[in-house]
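Asks: Before we start, here is the structure in question, set down as structure tokens.
The values are calculated or read from the model by the stated rules, or taken from the named source; none is laboratory data. On a predicted model such as this, the values are computed, not experimentally measured, just so you know. Cβ placement follows ideal geometry from the backbone for every residue including glycine, while neighbour counts extend to all protein chains displayed.
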Amino acid sequence: MAASIALLARTVPPRVLRTVERVRAAGASLGHYPADAALAFLVLCTMVALLRIDASGMPSGTDHWYAYLLVALASVPLAWRRRWPFSTALVVSVAAVVYDRLPDLPSQHLQYGALIGVYTVADRGPDRVRKWVPVLCVAGLLASGLSVRDLLYGDMFPLLSLLTAYVLGCSARTRRIHAATLEARAAQLARERDLEADRAALRERERIAREMHDILGHAVSLMVVQAEAGPVVVRSDPARAEAAFDAIAGAGRDAMAQLRRLLGLLNRPGETADPDRAPQAGIDTLPDLVARVRDAGLRVEHTTEGTPRPLAGDVSLAVHRLVQESLTNTVRHARASQAWVRVTWADDRLEVAVDDDGIGAASAADRARPEGGGYGLVGLAHRVEAAGGSLVAGPRPGGRGFRVTGRFPKARPAEGGGVGVDHGGEVAAEYAKLTR
């Protein structure tokens, strides 16, 4: 169908297309006036034709100029019925009443203008006027010469015609309001859908920023430490210097692999990266992470207690990032000589703790403060909470060193299931306590 329309558009001369477009634009600017003017002209022609027919239905005529004037007043104002519904209905109805009261004029079987005026008021008139339209219809019929007995027991057709026009107008108003409500609701849903898409994009950008922060922060910290140690031992201990350079290269390769996976997923939404080239970080990759930190010169002990079990991907990644961020902060800020990573599997929770023997409280502010728009402990707490856990950070018992503990209550398995989330303000409370 679209191809046929395009082919037709190519065969029509451009001048014709421009003319049609101008006509369409002009019609759109006029709104409903052309249709209402055509309706008014149709009513005028019908009522003028009835002027030429007498009461017996035989062709006749009238020489009274005021008959044509009243017919014009009862029809021509209908061209403005949508703009001024009540005024239009009042003018055409008064003209109809006056016409019916004057003698020696051909009978108008129906006052079409009055019927359309009543319909228009019921459809588009203000609420304070619409409820009085039936009363005004009865008053108009009485003013035109009908008696109460005629309305109730005699010729009820005029009254029923006006009431029918009123009911149809109310029905049209209800349908229009309902359509407008549905259109507004559809527009609102579209706006909400756009807002939700924007929020999803913002959440995705924040997730990517956290991933970039964790990957680059960890890799660069290890590389800086090794690069600083390399020149010191390059002459005295060439083997250690070579190991330092190997550690720098390994940290760089690991960061590049993880960034390639992250950027690859951005370029191919919905696809998964090649596991051989870019393994997904998680709790299973903690030994590799600890090994890289050991290569940087920090002694790290990694212990696991309890029986491991499969975890959901977001929980596994959160555990990895918790350990990674904690060890990175230890290397950066703590001036520690040793760190401990302990993973405890219990029936009702998974607990991950990272301790060091560094300067402890003195580095708490550095650990919690976002660097260059980064995340720090506060961002780490958000990541852990998003995975259904909670985070506690503060000095180790005894006063020396620092401890970061993440708890995942009833850590959910990889196949799904709900999790009770403990969203506390523990990190903020600990940070406020340390900086008093």
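Asks: For the stretch 89-139, which residues satisfy the criterion of being assigned to a loop (DSSP other than H, G, I, E, B) and among the charged types (D, E, K, R)?
Replies: Residues satisfying the conditions are D104, K131.
Asks: Can you tell me which residue is surrounded by the fewest Cβ atoms within 10 Å (Cβ to Cβ) among those in the stretch 108-135 that are touching a residue at least 24 places away in the same chain (Cβ under 8 Å), of a type in the set (A, V, I, L, M, F, W, C) and over 25 Å from Y68 (Cβ atoms)?
Replies: V129
Asks: Still on this structure, please answer the following. Among the residues in the stretch 93-115, are any modelled with pLDDT under 85, in contact with a Ser or Thr (Cβ under 8 Å, 6 or more places away or on another chain) and among the aromatic types (F, W, Y)?
Replies: Yes, some residue in the stretch 93-115 is modelled with pLDDT under 85, in contact with a Ser or Thr (Cβ under 8 Å, 6 or more places away or on another chain) and among the aromatic types (F, W, Y).
Asks: Just the residues that are surrounded by fewer than 20 Cβ atoms within 10 Å (Cβ to Cβ) and either in contact with a helix residue (DSSP H, G or I) (Cβ under 9 Å, 6 or more places away or on another chain) or over 25 Å from R210 (Cβ atoms) (or both), please, taken from the stretch 299-315.
Replies: R299, E301, H302, T303, T304, E305, G306, T307, P308, R309, P310, D314
Asks: Mind listing whichever residues of the stretch 10-42 are at pLDDT 70 or above and among the β-branched types (V, I, T)?
Replies: T19
Asks: Mind listing whichever residues of the stretch 81-107 are surrounded by 21 or more Cβ atoms within 10 Å (Cβ to Cβ) and among the polar types (S, T, N, Q)?
Replies: T88, S93
Asks: Can you go through R253, R199, R193, R185 and tell me which one is of a type in the set (K, R), within 25 Å of N329 (Cβ to Cβ), at pLDDT 70 or above and outside the structural domain of H382 (by TED's automatic domain parsing)?
Replies: None of the other options fit; the residue is R253.
Asks: A further question follows. Which pairs have Cβ atoms under 8 Å, sit 6 or more apart or on different chains, and link a residue in the stretch 16-43 that is closer than 24 Å to I116 by Cβ to one that is modelled with pLDDT under 70 and part of a helix (DSSP H, G or I)?
Replies: Sorted first by the residue in the stretch 16-43, then by its partner, the pairs are P34/G27.
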